[in-house]
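Peer 1: Please see the structure below; I have some questions.
The values are calculated or read from the model by the stated rules, or taken from the named source; none is laboratory data. Quick caveat: nothing in here was measured; it's all calculated off a predicted structure. Please note: Cβ atoms are built from the backbone with ideal geometry, for glycine as well, and neighbour counts cover all protein chains shown. For the accessible areas, the whole protein counts, side chains as well, though only heavy atoms, and no ligand, DNA or RNA atoms are used. Shrake-Rupley method; radii C 1.70, N 1.55, O 1.52, S 1.80 Å.
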Amino acid sequence: AALSQGASVYPARNASRRKDLTKKFSVNSADLASVREASPAVLICALSEDMAVELPVARDHAIAIDLRYGTQTEFMAQATKKGYEVINGLPMLVAQALEQFKLFTGLAPTKGDLDALKQALDARGPNPSSDLRAGARSVVQ
């Protein structure tokens with residue numbers, strides 16, 4: 001949806017891949033370094049490796065999402081420092097898992113299932129279930 005509304009994409013792999021994605025999805029694209037001159041409402045980091053990227057100062061209500069989870073990343077630290085609301089990849093992981101459960105079993109997860117999942121996650125460390133926000137809630141009935 002965002003892509004159809006004129007979103008810009010800053011893929012990081014290489015210029016050739018960026019051109020392919022730009023053409024395939026009919027979006028604007030630019031070199032990753034130019035993101036610091038943008039004023040995005042949402043930044044999404046889908047890199048498998050952590051790397052330093054100079055981010056722009058956040059505009060009002062801007063969000064930075066790092067699809068990685070389980071550890072603080074350089075992207076998340078910079079985004080926090082620049083004023084973004086930062087969300088890690090756990091909500092997406094949980095939403096995907098719950099949807100897969102529904103697809104494989106034909107059963108929709110319940111609020112009780114989500115509560116059990118939160119309890120299990122909380123037992124593993126410093127309150128990761130607080131990151132579940134909309135990801136899991138959108139799937140659970």
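Peer 1: What whole-number value in Å² describes the accessible area per residue of the stretch 50-90 for a 1.4 Å probe?
Peer 2: 56
Peer 1: Once you put a point 7 Å from the Cα of LYS19 and another 7 Å from the Cα of LYS111, both along the Cβ direction, what distance in nm separates them?
Peer 2: It works out to 5.4 nm between the two label points.
Peer 1: So, one more: Points 7 angstrom from Cα along the Cβ direction at GLU49 and ARG36: gap in nanometres?
Peer 2: 2.0
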